[in-house]
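Heads up: the structure comes next, in structure tokens.
The values are calculated or read from the model by the stated rules, or taken from the named source; none is laboratory data. Keep in mind that what you see is a predicted model, and the values were worked out from it rather than measured. We place every Cβ from the backbone using ideal geometry, glycine too, and count neighbours over all the protein chains shown.
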Amino acid sequence: MRLSTQKIVKNTRGFTLIELMVVIVILGILAGLIVPRIMGRPEEAKQLKAKLTIESLETSLRLYKLDNGAYPTTEQGLNALISPPDTGNVSNSFREGGYIEKGKMPKDPWGNEFVYLSPGVHGEYDIISYGSDGVPGGERKDKDINSWEIE
């Protein structure tokens, strides 16, 4: 019995160099296939974040309209959601603390200000993020995110 136990112990000492090399090659192949696919995702995530931020701004604008009777004008801008506007029709019904949490106007994921038009070309108001390039137009990663295109 003793000989067979020693034989088993000797055969289960660990991985051979060839086995380790095969595993490393397989991991390298998998990384080569997966990494390029993942690299395109950060831009998609930023576009999704811009859409979610625009939806949040739309909710804040609706609350503003409920309290004040109208959306802020283009001149008043989105900052009217943080503090009472000093131009145009100013209402006494402005909510204490404003309409945006933390009292700070969010920027788009690329660090740019959102463009706000009221009345808008496509509705009562338009909110636009010009994407990663910060200029109107563009495709793919430079694509504009528009409030009227969000479902």
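Taking the condition surrounded by 15 or more Cβ atoms within 10 Å (Cβ to Cβ), hydroxyl-bearing (Ser, Thr, Tyr) and assigned by TED's automatic domain parsing to the domain that holds Lys141, does Ser83 pass? Before you say what the answer is, go through the steps one by one.
Details: surrounded by 15 or more Cβ atoms within 10 Å (Cβ to Cβ): no; hydroxyl-bearing (Ser, Thr, Tyr): yes; assigned by TED's automatic domain parsing to the domain that holds Lys141: yes.
Answer is no for this residue.
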message: With the requirement that a residue be surrounded by 13 or more Cβ atoms within 10 Å (Cβ to Cβ) and of a type in the set (D, E, K, R), what does the stretch 86-109 give you?
response: Arg95, Lys107, Asp108
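Tell me whether the stretch 89-112 contains one or more residues that are of a type in the set (Lys, Arg), under 19 Å from the mean Cα position of the chain (by Cα) and on the phi > 0 side of the Ramachandran plot.
We begin by selecting, within the stretch 89-112, every residue of a type in the set (Lys, Arg); these are 95, 102, 104, 107.
If we keep only those that are under 19 Å from the mean Cα position of the chain (by Cα) as well, we get 102, 104, 107.
Filter once more, keeping what is on the phi > 0 side of the Ramachandran plot: 102.
The answer is yes; a qualifying residue exists.
What number of residues in the stretch 28-75 are at pLDDT 85 or above, within 20 Å of the chain's Cα centre (by Cα) and of a type in the set (Val, Ile, Thr)? Full working, then the answer.
At the first step, the residues of the stretch 28-75 found to be at pLDDT 85 or above are 46-75.
Those left that are additionally within 20 Å of the chain's Cα centre (by Cα): 46-61.
Still in the running and of a type in the set (Val, Ile, Thr): 53-54, 59.
Total satisfying the criteria: 3.
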- prompt: If you check every pair at least six apart or on different chains, which have Cβ atoms under 9 Å apart with a residue in the stretch 63-78 that is surrounded by fewer than 17 Cβ atoms within 10 Å (Cβ to Cβ) first and a residue that is modelled with pLDDT under 90 and among the hydrophobic types (A, V, I, L, M, F, W, C) second?
  reply: Asp67/Phe94
